[in-house]
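Q: Sending over a structure as C-alpha cells; questions will come in a sec.
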C-alpha cells in the first residue's frame, strides 16, 4: 500500500476540529459561523497544497485518500456557506454548526486515516454527529422516528465493522492499514486463498457497508429522512452514504479474494438498484425521488465493487457525490425545471421498438469505441462487463432526436469514450491495473441479467403506461414493495423511539 497522505492533507480533520473551540464560546450567529467558514476555506487550500506537493515530489502517494480529501473539503466549503444562508434566523444554529463540524472532522479522518482503529472510531463518530443533524428539529415526531431507525441500522453496521476490525488486527498482528493489506497479499501468495478469519472479516465488512449505504432491507430511513434541513440532506447523500464505497475501495485486495463477500455485494446491491429505480418512477416529490436515486446508486456502486470494477466504482463515487450535492442544494430550481418539462409534451411518442433499437445502437457504439480504444491504446485493456453495463445505462442517448439516430449514436459514443478516459484516470488514482480483480462468472451473469431485465421492464412500462403490467406493478412500486414495513415494526418492537421533548433555549441559539 502506498504511503498515506502527506502532512498537509493529514491536517484536514484538525482544521474542522479546531473550529469547534471558538464556535462553542461564541454567543452570536455571526461569530460562531465565522470559524466554520474559515475552516472550510483553509481545508480546501490544504488539500490543494497536498496535491501540489505530491506533483512536485513525485513520491508514491495515497492518491485515493487525496482524491477523497479533495471531495470532502470541496463539499464542506459549499455546505457551510449554503447552511449559513439557509438557517439565517433559525434557532439552534450553534448546535447545528457544532454537529456539522464534528461530522466533517470525522469524515475527513476516515478518508485520511492510515490506522484501522482510527478509521473505525471516526466511522462511528461521524454517524453519531450526523444523528444530531438529522434531529435538528427535535419537536417533529417523524424526524425523530426516522433518525431512530437510522441510528439502529448504523449501530448494526458499527458492530459488523468492529468484529471485522478485531479479525483483521489479530490476523496482521497490528492495526496499520498498510500492514493489514500486506498480510492479505502474503496470505494469498503463500496459499492462494484467504483463511476463514479473513473470509469472515471480508463478509463483515460487506455487511457493514450494506447497512451503512441504506441497502435492502434497512433502506427506509434514507427515503424518509426528509425533515432535516436541505444542506443536511446534501451532506448525507453526497458524503456520508458514500463512505461505504470508499471502504470497499480501501480494502479492494481483501474483497477481490473473498467470493462470499463479492456475492453478497452483487446480490444485495443489484436487487436494491433494480427495485429502487422502479419505485423512483412512481414518485412525485423531488427530494424523495433523489433519495430513492441515492439508494439505487449505492446499490449500483456495491455491485461494481463486488464485480471487481473498482475504477468504475471510484468514478461513480466522485460523480455521484458532486451530482447529489448540487441536486439537493438546487432542489428549488429542480422543481421549476420539472414543472416546465411536465408542461411540454414529448417531441415524439416512446415506443418499445424505439427503445430496443436504442439498445442495438448502444451495442454498435460500444463495439466502435472499444475498437478505436484498442487501436489507440493497445496496452490498456478494459473490463467487458463494465462496458456492457454502461452501454445498457446510456442506451437512451442513442434516441436523442427523432429521425437523427446517427446524431444520438455519436453522442452515446462520445459519452462512452469520455468514460474510458475517466476509467484510466481512476486506475491511476487507485494505483492498480484496470484488470487486476477476478470474480466468479456467475456474478457477471447475475449483474447482466439484472440490468437487462430492468431495461426491458422500464421500456415496456414507458411504451405502455396504461397496460396491464404497469397497472399491476404501480401500486406495489408506489408502496416500496412493502419492504420497509417489516424493519420498522422490528425496530419499534426492539427499541421504541422516545416521544419528542421540547427543545430548551440556549444562549447564542437565537440571533
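Q: Where the convex hull is taken over the Cα atoms of the stretch 184-314, what is its projected area averaged over directions, in nm²?
A: Value for the stretch 184-314: 7.9 nm².
Q: Mind sorting 456, 298 by how few other Cβ atoms lie within 10 Å of their own Cβ, fewest first?
A: 456, 298
Q: Taking R0 as 25 Å, what FRET efficiency do you get between residue 118 and residue 442 from their Cβ-Cβ distance, rounded to the nearest 0.05?
A: 0.10
Q: Largest first, please: the extent of the C-alpha atoms of the stretch 1-112 along each principal axis, to the nearest Å.
A: 48, 20, 17
Q: Something else: Compute the distance in nm between two label points, each set 7 Å from the Cα along the Cα-to-Cβ direction, one at residue 197 and one at residue 326.
A: 4.7
Q: I need 165, 263, 24, 272 ordered by Cβ neighbour count within 10 Å, fewest first.
A: Least crowded to most crowded, the residues run 24, 263, 165, 272.
Q: Another question about this same structure. For 123, 196, what's the fewest-to-most ordering of other Cβ within 10 Å of each Cβ?
A: Fewest-to-most Cβ neighbours within 10 Å comes out as 196, 123.
Q: A further question on this structure: Can you pull the one-decimal nm distance between simple spin-label points at residue 364 and residue 88, each 7 Å off the Cα toward Cβ?
A: Modelled inter-label distance: 5.5 nm.
Q: Which of the peptides 458-466, 299-307 is most tightly packed, and how do the rest follow, going by the mean number of other Cβ atoms within 10 Å of each residue?
A: Highest mean packing first, the order is 299-307, 458-466.
Q: Let me ask something additional. Can you pull the one-decimal nm distance between simple spin-label points at residue 156 and residue 425, each 7 Å off the Cα toward Cβ?
A: With each label point 7 Å from Cα toward Cβ, the separation is 3.7 nm.
Q: How much FRET efficiency would the formula 1/(1 + (r/R0)^6) give for residue 21 and residue 138, where r is the Cβ-Cβ distance and R0 is 30 Å, rounded to 0.05?
A: E between residue 21 and residue 138, to the nearest 0.05, is 0.75.
Coordinate-derived values only; no laboratory data. None of these values were measured; they are calculated from a predicted model. So basically every Cβ, Gly included, is an ideal-geometry build from the backbone, and we count neighbours across all protein chains shown.
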